[in-house]
């Protein structure tokens, strides 16, 4: 679970700097609390310039703060982050709305889009604001079709936040732990021995590990979405449309050039049929750092879905 600071909850509504100081101190307390449990509160760099009161922006308002408070706040917002726009999942053309207000390009839109795709993201809002409610209902209208709605959990109180953190699963802490959890959670997938070995020796990145797990869980769900006739179920078709089609697909085939130039690297030994190999050009993608998950495709009803490689991008030039 990751947390996103709700940039829409600060829009000049504070009557004075003292009220804002209490509100932002509460958010900073939630941030420190989350870090004790291995979670991060992501922000957007634009928050550092947000309007705090009707007449004062963030840089102007915090001039009255104590030096240590001012420094800690600005280091988070401008230097340390983490910043959710660096690993942004939704695009500017994705239509997301909440209470008939477009929330694309906001933390609300990003958290909702992640939740739509199986990535757990919660919001942290400043109070007083118009965002003192939970869950936040966000509708995503994909390709001008029917809208789908998702609930995003919203927090503004440190005490209730701690209760949620205490109940949350322990965050991934190593590539070895990722492998164990992935195999346990995805029994529909057939992992080759050494599938994760190329990750070892590389610095562990918690966000990337979570993303790998999400991608593997999508493959696991897709493999199980077959009816009694072996046909893809409506849920399987939705997964396919959402994640395997379009310019922003999370899974795609390698280009013809990559298939030619990296044929050897994309060929893997078959683990159950001696002397045979698997040419696995289809892959799931992690952007930061650039990791790939290579697997057999298409997904047949009576054939294993082999996951043969999880590691750094193979087709680098």
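A few comments on the model shown:
- Checked against (1) surrounded by 17 or more Cβ atoms within 10 Å (Cβ to Cβ); (2) within 18 Å of residue 152 (Cβ to Cβ); (3) out of contact with any strand residue (DSSP E or B) (no Cβ under 7 Å at 6 or more places or on another chain), residue 123 passes all but condition (3).
- Selected residue (criterion: surrounded by the fewest Cβ atoms within 10 Å (Cβ to Cβ)) from residues of segment 277-288 that are touching a helix residue (DSSP H, G or I) at 6+ places or on another chain (Cβ under 6 Å) and either outside the structural domain of residue 224 (by TED's automatic domain parsing) or in contact (Cβ under 8 Å) with a residue 60 or more places away in the chain (or both): 288
- Residue 299 vs. criteria buried (at least 18 other Cβ atoms within 10 Å of the Cβ), part of a loop (DSSP other than H, G, I, E, B) and either in contact with a strand residue (DSSP E or B) (Cβ under 8 Å, 6 or more places away or on another chain) or at positive phi (or both): yes
- Screening residue 129 on (1) surrounded by 14 or more Cβ atoms within 10 Å (Cβ to Cβ); (2) under 21 Å from residue 87 (Cβ atoms) shows it passes everything except condition (2).
- Checking every residue in segment 9-22 against the condition of being touching a strand residue (DSSP E or B) at 6+ places or on another chain (Cβ under 7 Å) and either at pLDDT 95 or above or farther than 19 Å from residue 157 by Cβ (or both) gives at least one match.
- Count of residues meeting criterion [within 17 Å of residue 122 (Cα to Cα) and either in the same structural domain as residue 214 (by TED's automatic domain parsing) or out of contact with any strand residue (DSSP E or B) (no Cβ under 8 Å at 6 or more places or on another chain) (or both)] in segment 36-53: 3
- Being touching a residue at least 12 places away in the same chain (Cβ under 8 Å), crowded, with 20+ Cβ neighbours inside 10 Å and more than 29 Å from residue 303 (Cβ to Cβ) is a property that does not hold for residue 175.
- Filtered residue count, segment 176-198, keeping only those that are touching a strand residue (DSSP E or B) at 6+ places or on another chain (Cβ under 9 Å) and over 22 Å from residue 270 (Cβ atoms): 1
- Note on segment 202-230: residues that are touching a residue at least 12 places away in the same chain (Cβ under 8 Å) and either exposed (fewer than 13 other Cβ atoms within 10 Å of the Cβ) or under 17 Å from residue 305 (Cα atoms) (or both) total 16.
- Any hit, segment 122-136, residues being in contact with a helix residue (DSSP H, G or I) (Cβ under 8 Å, 6 or more places away or on another chain) and over 29 Å from residue 52 (Cα atoms): no
- Qualifying residue in segment 134-149 (condition: farther than 27 Å from residue 242 by Cα and either over 17 Å from the mean Cα position of the chain (by Cα) or outside the structural domain of residue 17 (by TED's automatic domain parsing) (or both)): no
- Condition met for residue 60 (assigned by TED's automatic domain parsing to the domain that holds residue 105, surrounded by 13 or more Cβ atoms within 10 Å (Cβ to Cβ), closer than 16 Å to residue 19 by Cα and free of Cβ contacts under 8 Å to residues at least 12 places away in the same chain): yes
- Of the listed requirements (1) over 30 Å from residue 251 (Cβ atoms); (2) modelled with pLDDT under 95; (3) crowded, with 18+ Cβ neighbours inside 10 Å, residue 76 misses just one: (2).
- Among (1) surrounded by 17 or more Cβ atoms within 10 Å (Cβ to Cβ); (2) without any contact (Cβ under 8 Å) to a residue 40 or more places away in the chain, the one test that residue 247 misses: (1)
- Looking only at residues of segment 34-57 that are within 17 Å of residue 79 (Cα to Cα), buried (at least 16 other Cβ atoms within 10 Å of the Cβ) and in contact (Cβ under 8 Å) with a residue 40 or more places away in the chain, we find that the one that is farthest from the chain's Cα centre (by Cα) is 50.
- Answer residue from segment 302-317, given it is outside any loop (DSSP other than H, G, I, E, B) and in contact with a helix residue (DSSP H, G or I) (Cβ under 9 Å, 6 or more places away or on another chain) and is farthest from residue 255 (Cα to Cα) among those: 305
The values are calculated or read from the model by the stated rules, or taken from the named source; none is laboratory data. Just so it is clear, the structure is predicted and the values come from calculations on it, not from any experiment. Note that each Cβ is placed from the backbone with ideal geometry, even for glycine, and that neighbours are counted across all protein chains shown.
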